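Participant: What follows is a single structure, and I will ask about it in a moment.
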Amino acid sequence: MSSEESLRKRVLRNVLWMNGGFAVRALIQVVYFVALARALGADEYGVFVGVLALTTLLAPFSTWGSGNILIKRVARDPACFRELWGAALATTLLSGALLILAGILVASAVFGWERGLLIALPVALGDILGVRLGDLAGQVFQAFQRLSRTALVWVGMALMRLLGVGLLYLGFDVRSAEVWAWLYGVTGLASGFLGVLWVGLAYGWGPLRLSPMRGEWREGFFFSVSLSSQGAYNDLDKALLARFSSEAAAGTYAAAYRVLDAAFIPIRAVLYAFYPRFFQEGQKGLEATRILALKLLPVAFLLALLGGGGMVGLAPFLPRILGEGFEGVPLVVTWLLPVLLFRAAHYFAADALTGAGFQGVRTAVQVGIVLLNLGLNLALIPVWGWRGAAVASWLSDGALALFLWGALFFLSVGKRALPIRR
């Protein structure tokens, strides 16, 4: 068997593993989400989602892009794994502690001190520290192209959340956003530490020191800003709906977004499988990553169309599944359909830029889109409610696809695409 055939089989195997892993994870999340929505109701769920949206903006900075840097360097030279693994853990533990405090302060300023302490504190512990440690574990297996294990890490994290919902039903008479926040935090921490333990047993441990990240802080910052920006234009609307419209509207809109996320699963599996490949191709320059992105784009659009069809077919049954207070979800789902196509377009252009060392360009575009999204939401939500949030999502994701592909072609055709530093 030729090396090219072997590579294609490995990529296909990884795509199938990630599809299966994400599908199982999504199924678990559906059960978890339906149970949680029924337990909390639209109002209490909206409260939780509003606080969660704020911590989502801070969480990527806890790793400072160290997981992405690990993938980049290990994909090219596996021998450097241990020192980068230790540096990633040290970075996450240090910055995570500082960001948990920041998360409490920000949530308290927006929602009041009671929610800041009773909801934001445990959510920040679970997301900023626990989930990010789990993400690091998954990225280690991704760097070694063992995506079967990455998939299992993600499934394990979803199972821990489901366990938390089970405890909410069985162990508490009062089911509030505050009670769920603490269960959310504990299960997040548990899944993160289990993921780290698995990596340690599989590949060993590295010294907990920051020095291996020397020279990488700038790019790591770009990775963090990029991930935070993704969270911002995905979740800002939910926080602003809770603030300027109603918590019930925020809960309904968040439920519809869950359906959108489920429809995006097959595309996300392809992205995960090819992410290390973008770094390997990036050693040749931006033209090579652009060609790879163009090859994958038709597949992404086909999967987006299939996912959109699934969303439309599922939508009428959602109110019965989710329970009282979620009657408006089917209409919101149909309004969000264009976002699926825009997402399919912009993610591959973004990874092409990242793989060739243009993470700074990707980040600059994403930050601009966050500002656009914030302005649109502030203008449209007070007037149109969730419809304004949906229109803001159309315009933001559409602009993101346009600018990322524009940057990719401009830099490539303009002969500015030099091979990145190895």
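Participant: Whole Å is fine, so just give me how far the alpha carbon centre of the stretch 376-400 lies from that of the stretch 184-204.
Facilitator: With the stretch 376-400 and the stretch 184-204 each reduced to a Cα centre, they are spaced 37 Å.
Participant: Let's test the formula: R0 of 35 Å, r as the Cβ-Cβ distance of R320 and L294. What FRET efficiency results, to the nearest 0.05?
Facilitator: Working: r = 42 Å, r/R0 = 1.21.
After rounding to 0.05, the efficiency reads 0.25.
Participant: Looking at (i) -0.23, -0.53; (ii) -0.27, -0.58; (iii) -0.42, -0.81, which value of log10 I(q)/I(0) by the Debye sum over Cα atoms at q = 0.06, 0.09 Å⁻¹ comes from a calculation on the structure shown?
Facilitator: (i)
Participant: Hey, if you drop one equal point scatterer on each alpha-carbon of the stretch 218-422 and run the Debye formula without solvent, what base-10 log of I(q)/I(0) do you get at q = 0.07, 0.14, 0.17 Å⁻¹?
Facilitator: Taken in order of the listed q values, log10 I(q)/I(0) reads -0.22, -0.82, -1.11.
Participant: Same structure again: For the residue pair L16 and L101, what label-to-label distance in nm results when each label sits 7 Å from Cα along the Cα-to-beta-carbon direction?
Facilitator: Each label point is offset 7 Å from its Cα along the Cβ direction, giving 5.0 nm.
Participant: Compare the Cα positions of G308, A350, Q29 along the charge dipole of the chain (+1 at Cβ of Lys, Arg; -1 at Cβ of Asp, Glu; about the Cα centre) and return the one farthest towards the positive end.
Facilitator: Result: A350, furthest along the dipole toward the positive end.
Participant: Farthest toward the dipole's positive end in the stretch 23-214, which of A88, Y184, G166, given Cβ charges of +1 (Lys, Arg) and -1 (Asp, Glu) about the Cα centre?
Facilitator: A88
Participant: Hey, another quick one. Projecting each Cα onto the charge dipole of the chain (Lys/Arg +1, Asp/Glu -1 at the beta carbon, about the Cα centre), which of G282, A124, L240 comes out farthest on the positive side?
Facilitator: My answer, from the dipole projection, is G282.
Participant: What is the order of K295, K284, fewest Cβ neighbours within 10 Å to most?
Facilitator: By the 10 Å Cβ count, ascending, the order reads K295, K284.
Participant: Another question, then. For the pair F221 and A109, what calculated FRET efficiency results from E = 1/(1 + (r/R0)^6), where r is the Cβ-Cβ distance and R0 = 25 Å, to the nearest 0.05? Don't skip to the answer; put the middle values down first.
Facilitator: Details: r = 24 Å, r/R0 = 0.96.
About 0.55, to the nearest 0.05.
Participant: Could I ask something else about it? Which residue fluctuates most in the GNM of the chain (Cα springs below 10 Å): F317, F223, F264?
Facilitator: F317
Participant: Take each uninterrupted DSSP H stretch in the chain, measure its Cα extent along the helix axis, and return the ones at 30 Å or beyond whose mean Kyte-Doolittle hydropathy is at least -1.0. Display every interim value, and only then the final one.
Facilitator: Numbers: long enough: 3-58 (55 Å, 0.78); 81-111 (42 Å, 1.71); 147-171 (35 Å, 1.44); 177-203 (39 Å, 1.24); 217-244 (37 Å, -0.02); 286-314 (40 Å, 1.61); 359-384 (36 Å, 1.29); 386-413 (40 Å, 1.29).
Helices meeting the span and hydropathy rule in the chain are 3-58, 81-111, 147-171, 177-203, 217-244, 286-314, 359-384, 386-413.
Participant: If each residue's Cβ is checked for other Cβ atoms within 10 Å, how do D397, D261 rank with the fewest at the top?
Facilitator: D261, D397
Participant: Moving to a separate point now. Grab the beta carbon distance between V383 and R146, set R0 = 45 Å, and tell me the FRET efficiency rounded to 0.05.
Facilitator: It comes out at approximately 0.35.
Participant: Continuing with the same structure: So which residue, out of G251, G50, G204, gets the largest mean-square fluctuation from a GNM of the chain using Cα contacts under 10 Å as springs?
Facilitator: For the chain, modelled as a Gaussian network with Cα springs under 10 Å, the answer is G204.
Participant: For I291, I71, I265, what ranking results if the residue with the fewest other Cβ atoms within 10 Å of its Cβ goes first?
Facilitator: Going from least to most buried by this count: I291, I265, I71.
Participant: Moving on to the next point. Grab the DSSP H runs of the chain that are 4 residues or longer, score each as -39,500 (n - 2.57), total them, divide by all residues and round the 222 nm result to the nearest 500 deg cm²/dmol.
Facilitator: Mean residue ellipticity, 222 nm, calculated: -28500 deg cm²/dmol.
Participant: Only four residue types carry charge here, +1 at the Cβ of Lys and Arg and -1 at the Cβ of Asp and Glu. Report the dipole size of the stretch 197-341 about the Cα centre in Debye, rounded to the nearest 20.
Facilitator: Numbers: 12 positive and 10 negative charges, 95 e Å.
The dipole of the stretch 197-341 has a size of about 460 debye.
Participant: In debye to the nearest 20, how big a dipole does the chain give about its Cα centre with +1 on each Lys and Arg Cβ and -1 on each Asp and Glu Cβ?
Facilitator: Numbers: 35 positive and 23 negative charges, 311 e Å.
The dipole magnitude comes to about 1500 debye.
No value in this document is a laboratory result; all are computed from the given coordinates. The shown structure was predicted, so the numbers you read here are calculated from the model rather than taken from an experiment. Cβ: placed from backbone, ideal geometry, glycine included. Neighbour counts: every protein chain shown.
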